[in-house]
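Contents: one structure, followed by commentary.
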Amino acid sequence: MSELSEEDRRIVEDLRERVGSGESYVRAKQIAERIGLSAKQVGVRLPKLAEKSDEVEIEKWGRAKSTTWRVTRA
């Protein structure tokens, strides 16, 4: 991973653990609750991490009340 902030690293680590070897669908609120950030802090970082992270692939998947993200191993 190239020069990620501490918060970014925590998000990626959480996603990596959650995905295992498959895929997972998550919302920013779920991640935020697990790592102690606000949903807004996570939601703002996910699109940037989708471009930066080489450990997980993050794809905007759907939007209802909030955006759902599809996460797979890179």
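Just so you know, all these numbers are worked out from the coordinates, no wet-lab data involved. Remember, predicted model here, so these are calculated numbers, not experimental data. Cβ sites come from the backbone with ideal geometry, for glycine too, and all protein chains shown count toward neighbours.
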Of those in the stretch 24-69 that are of a type in the set (D, E, K, R), touching a strand residue (DSSP E or B) at 6+ places or on another chain (Cβ under 7 Å) and loosely packed, with under 15 Cβ neighbours inside 10 Å, the residue nearest to E13 (Cα to Cα) is E59
When G22 is run through (1) touching a helix residue (DSSP H, G or I) at 6+ places or on another chain (Cβ under 9 Å); (2) touching a residue at least 40 places away in the same chain (Cβ under 8 Å), the failure sits at (1)
